[in-house]
Each structure stands twice: as structure tokens, then as C-alpha cells.
1. Using Cα atoms only, what is the angle between the long axis of helix 32-45 and the major principal axis of the chain, expressed in degrees (0 to 90) to the nearest 10?
2. Net charge near Arg125: determine it from the other residues with C-beta under 14 Å of the C-beta of Arg125, scoring Lys and Arg +1 and Asp and Glu -1.
3. What nm distance separates the two modelled labels at Asp261 and Arg163, each placed 7 Å from Cα along Cα→Cβ?
4. Among the lysines, which have Cα under 22 Å from the Cα of Lys253 when same-chain residues fewer than 8 positions away are ignored?
5. Going by Cα centres, the range 256-283 and the range 108-150 are how many Å apart?
6. Can you tell me, using C-alpha contacts under 8 Å and at least 6 residues apart, the relative contact order of the chain as a whole percent?
7. Binned at 5 Å from 0, what are the whole-percent values of the Cα-Cα distance distribution for the range 136-283, short to long?
8. Taking a cut-off of 15 Å between Cα atoms, list the aspartates and glutamates near Lys237, but don't count ones fewer than 8 places away on the same chain.
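Just so it is clear, none of the values below were taken in a lab; they were calculated from the coordinates. All figures in this text were calculated on a predicted structure; none of them were measured in a lab. Every residue, glycine as well, gets a Cβ built from its backbone with ideal geometry; the counts of neighbours run over all protein chains shown.
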Amino acid sequence: MTNLLVAIKNLVINPITDIKTFYTSSNRANSVWESLEYYVKDLFCNSFSSSDTERTKKYSEVFSYLWNQNNPPDSILKNWDAIEVKKIEKMGSAIALNSSYPKNKLYNTDTRITEACRNCEENPRNEKDILYVIGLIPQNDALKSLWFIYGDCYAANPEVYQRVANKISQSVSELNDIELAETNELAKVKKVDPLGITDLRVRWMWHIENPWKVFQEVVSREVIPDFSVHVILRNEKYFSFPESDRMELENLKIPWFQIQDTQIRSPDNPAQLLDAKLISYVR
């Protein structure tokens, strides 16, 4: 079966940066965002040259769950990792996560995932590793940068975010002079005006800094390349992949491609450094 290392090999062997043209010309996508979604799926399936029928079959073979824009994750590799795809248009932009705070793992108990996602595999696990895929695509331009980062390198323990969310929710619920309705959002205020015809929805809007800023100690921003790919994962995750996939990637003789040992700050305790791998393709 496929995995991140297979996807990276597919990418560096056959990089495609003008993804909008590639996918809209075949009527598979109507926007840059959809093009990025297809591109990520095709990286894992190596289905760039497949017909629509072949591609659909490959997707079914590789993924146990596919794209839901309203609930995380975007997809799940069969018996493997969850994937969340995000797009930004500027290198300095934060990443909008909307109602879902950053995830170090995908937990089966998460109320934000759907039943279809929770039960997409015959023997569902309590937790899965989650891979964030972040594409930098300037408006009406080609793909400039692609990051692959595992959640446990990027996000803190769920308790960190839930504690803040609970405090805010509790403070809102204790307000005495407004009428609140039950909601999964931060708050829903009923009958704001004298006629009682206006409601107010208060929604969660989580953001996280993009990886160029978070990992600036590991990846330099001094020179902006035409196209770059960066992968960050903990050592234990890297060595959990099949040895054959690791060897294939390590033996690639492609200019501008390298695998390095590095250290990153722990999302739970910045004083602690975690041993990690940095896989880069910069041209």
C-alpha cells in the first residue's frame, strides 16, 4: 500500500507545479483548491496519467475515506494515516482551520469527525497519525511550495486547545442578560433586538502559523526558490515506514533532493528538542 514516502518519490520524479492547468484542462477540477486536492490524492495513488475510471478505482483501493470540506480530515489512507490539505496564497499567511483546532493526532472520539469517517475501516483505531499538507499557491499562479508535516510535529496535545475553548464557552454561558440557544459553536444568541427577530452566531475560527514561520530554524527563507517541497516527521515515524520504501527514497539520485537529520521544538514543551527528519526538494 502507499504512504507518504511513496508520495514524495512520485512527486520528485515527476513534479507538477501548474496544477490548475493540469486538472482544469481535463475537466477534473474547477478551481486551484480542487486542483490541489486532486494533486495530493494523485501523489499517493500515482494516478496522474490515469483515466477517470482508473483514477476512481485507484482512489477506492488506496483510501478508506475521502474529502469532506466541512469536517476533518480530508482523507484517510487505508489502515494508515489521516490527511488534511490546506492552501495559502502568501508565504506570511496563517492557515485557517475554521472550527477545528490543530490536531496532533486524529482521535476516534473527536466529535467533529463524521460517523462515516469514524467507521470507515473494519477495525477502527482509537487514534491515527494525521498529516498536514500545505500548498502555497499565489493567486492565479502555479504551486510554489508544498509542506508535509505530521500533526505531532506541529500541534500540541488536544487538552491545550480544549482548555481554552472550555473557558470561553463557560464564560459565555454565564452571561445573564442574553438568551442563549444550544449549539456546537461558541454561542448562539437568540432575540437580540426588541422584535426578537435577530439571532447572533458566534463561531470558532482557529488559525495556525504556516510552516515557513514555525520551522524557520530548520528551513531557511533567505532565498525563495521557484518550487520547494519540505517534509517534517519524527524519527520514530520515519522508521515505522517499510524499509523498502525508505531505501528507495534514500537512494534517489535527483538534483536538489535530500534527506537530513534535524531537531524541532516539541509542540507541548518548546524546551524539549525532538529528533526528526527533514526531507527537501528545492529547485
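1. Approximately 50 degrees, to the nearest ten.
2. My count for the surroundings of Arg125 gives -2.
3. 3.4
4. Answer for Lys253, where 22 Å is the Cα cut-off: Lys9, Lys277, listed by chain and number.
5. Taking the Cα centre of each part, the range 256-283 and the range 108-150 sit 20 Å apart.
6. Numbers: 463 pairs, mean separation 47.3, N = 283.
Once normalised by length, the contact order is 17 percent.
7. Cα pair-distance distribution for the range 136-283, in percent: 2, 7, 13, 14, 12, 11, 9, 8, 7, 6, 5, 3, 1, 1, 0.
8. Of all the aspartates and glutamates, those that pass the test against Lys237 - Cα under 15 Å, at least 8 places apart if same chain - are Asp81, Glu127, Asp129, Asp152, Asp245, Asp261, Asp275.
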